[in-house]
Amino acid sequence: MRDTGKPADEGASRGRLDLVAGAPHESLAAIASGSAALRAALAPSELDAADNEALLALALGADVAEHDAAEQAAAAALRHALTGQQQHPLADWAQSLRCAWGDVTASAVVPLAEADHMALLALALGEAGLPQPSFSDEEKQQAEQLRAALAGEGSDGLADWAAELRHADAPSSLDELSHRRLVKQALAAAAGGMEAAGEMDAAGATVTSTSGGRSMLLAAIVAIAAAVALFAGSVRWLETRPQPSASAPAARAAGVAAMVVSRSTVDLFDPMTPFPAKGGESERIKRIVAARSADLRSNRFAAWGVR
Amino acid sequence: MRALQKCFGVVLLSVMLPLAACTESAPDPAEGPAVVSTSISATTADDCRCPPAQAVVDPALLAFLSKAKSLHNQADMADAEQDTEAAIKALDRLVAGPLPAGDPPAPEVREVMADTLARSAELRSRSDYQAALKDVDRGLSLARERSHYRGRLMEVLGVVEQREFKRLQEAGDDDAPAAKERALKAFEEAVAIQDDVIKRALSGPE
C-alpha cells in the first residue's frame, strides 16, 4: 500500500480513489458501482419496490416474483386495513401477528377476539381441554358468590385462597393495626411460649417480659429470710440451754449427773511438795483456773445433753 | 398484686417457721451456782431420795478464779517494784470483794481466799502486825482441812510472829519471847500439817 500521507478516516467517507488510481478509465464506473453495492449491504437503506421485486425473483424464482394486479390489490387492501383505513377479513389475524412480533404501539393493540381466543386454546389444549362455551347456573352462582366475597360482600370457601393469590400477585400495603398484630404474634411465638406481658410501644417493639426478674427477686428474698432466721436461731441456741423435755427425762438426768462438782484443788498439786511461805501464788492460781475451765466446759456440754 | 401477696407470704413463712423453733426460754445462767442433784430419779418430790446437793463448777466460780489470777498478777508487778502498798491494795480487792454465792463457799473459793490472805498477811507483817494476824486468822477460818493451804497459813503465821519477835526484841519489849514462842509453835504446826498431807498421799486413797 502506498503511503499517501493522509489520515485514514478521511478516506473512509469517500471511495478509496487511491485504490483505483491507476486503474483504466473504463473500469472506474464498474468499480464505483460495486463499491456502492458493498456499502448498501453493510448499511442497507430502505429497499424500494423495484429492488424488492428483483430480489424476490432471484430468491424464489422468476415465476413467483411477479404479482398480478389482483394480488397487489389484495396486499394494498390488507395494508390499508392494518392502518385502520378499511375493513379486511384477515385484518385481525394480521394484527395478532404484529402483536406477537412485538412491533406495535399501545394505541395499535387490539384485544383478542373471543373467537380467536377459543381457537388458540383449541390449538394448545386440544378439543378435550377446551372450556365449554356455556356454564351451568350453579357454576355461575358460585362464580358470582366468589366475586362478591372477594369484594367484601358475604363469604366463600375459596375467597381466602383467592385473596391470598391476589395478594401474592399484587400485594397491597399492610395497614398499621394489622402490622402491629402480626409483629406481636411473631415476637410472642419467638419468646418460646412465654406469656407476653408487655405491650407494643409506638415503634412496634415488644417490652421484655418481667417474669424471669420476678423469679430471681423472689428467690433472693427467700434466701435472705432463711439466712436471717438461721442466724437468729443460732444466736438463741448458743445463749440458752434447751428446756428439759417430757420426751427425754432420762437423757437430761444422765447429763446432769455427769456434771463436775466443785471440789478442793489439792489434787492439782504435788502432795510431797509443800507450798512455800512466800511466792508461788500466781502459778497456783493459773493451774487452778486452767483445771476448772476444763470442768466448766464439761459441765456445759453435759447440760446441753452432749456426751 | 397477686405476685406481691405470694411473695409476702413466702417471706413470712420462711421467717416464722425457724423462729418458732427457737421460742423456748432457758434459765438465766447468771442467777447463781447451778445446784444439781446427782440422782437420776429426781422427777417428783415424793419419791426423791437425793443426797445433799453439791455445787457444780459454773461460770460464777470461773469468774472469781479469773479475777484472783489477774489481781495476783498485779500484786506480782507491784512486788517486783518493791511497792508493798500497791501489792496489798490489789490483794484486798479480792479478799474484800464479792464471793460466788454459796454457804459455805465452794472449796476452790475458800482455798484461793486462804492463799491470798496468806500472801497479804506476809506483806502486811512488814509494817502492820495486827492486820497481818487478822488476815492469817481469816485464812485459817477458811482453810480448815489439814492441807497445804493451811500448812502455808501456819508457816506465814510463824513468819508474822517471827518478825514481831524481832521488832519487839529490837525494841526491848518484854513480849518478845512470847512472840518467839508463838512463831515456833506456828512453824511446828505447819510441819505437822505437811507431814499429815504427805502421809495421806503415801498411804493412798482411803
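The values are calculated or read from the model by the stated rules, or taken from the named source; none is laboratory data. None of the values given here were measured: they were computed from a predicted structure. For neighbour counting, all protein chains shown are included, and Cβ atoms are generated from backbone atoms with ideal geometry for every residue, glycine included.
For this structure, a couple of remarks:
- Which numbered condition A:A257 misses (of (1) touching a Lys or Arg at 6+ places or on another chain (Cβ under 9 Å); (2) at pLDDT below 85): (1)
- A:D160 being without any contact (Cβ under 8 Å) to a residue 24 or more places away in the chain and surrounded by 11 or more Cβ atoms within 10 Å (Cβ to Cβ): yes
- Any chance B:Q162 is within 20 Å of B:R124 (Cα to Cα) and not small (G, A, S): yes
- Residues located in the range B:66-118, provided they are among the small types (G, A, S), surrounded by 20 or more Cβ atoms within 10 Å (Cβ to Cβ) and in contact with a Pro (Cβ under 9 Å, 6 or more places away or on another chain): B:A106
Okay, residues lined up against (1) modelled with pLDDT of 95 or more; (2) within 10 Å of another protein chain (Cβ to nearest Cβ); (3) buried (at least 22 other Cβ atoms within 10 Å of the Cβ):
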site: B:A132; (1), (2), (3): yes, no, yes
site: B:D137; (1), (2), (3): yes, no, no
site: B:L140; (1), (2), (3): yes, no, no
site: B:R144; (1), (2), (3): no, no, no
site: B:V156; (1), (2), (3): yes, yes, yes
site: B:D175; (1), (2), (3): no, no, no
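- Applying the criterion of being in contact with a Phe, Trp or Tyr (Cβ under 6 Å, 6 or more places away or on another chain) and of a type outside the set (D, E, K, R) to the residues of the range B:110-161, the residue that is farthest from A:I288 (Cα to Cα) is B:G158.
- Pairs linking a residue in the range A:84-108 that is closer than 18 Å to A:L120 by Cα to a residue that is modelled with pLDDT of 80 or more and of a type in the set (A, V, I, L, M, F, W, C), with Cβ atoms under 6 Å and 6 or more positions apart or on different chains, are A:A91/A:A81.
- Test: residue in the range A:75-93 that is modelled with pLDDT of 80 or more, farther than 26 Å from A:A49 by Cβ and not acidic (D, E): no
- Test result for B:A45, in a loop (DSSP other than H, G, I, E, B) and at pLDDT below 95: yes
- Flag for B:D115 being closer than 22 Å to B:K69 by Cα, touching a helix residue (DSSP H, G or I) at 6+ places or on another chain (Cβ under 9 Å) and either free of Cβ contacts under 8 Å to residues at least 24 places away in the same chain or more than 12 Å from every other protein chain (Cβ to nearest Cβ) (or both): no
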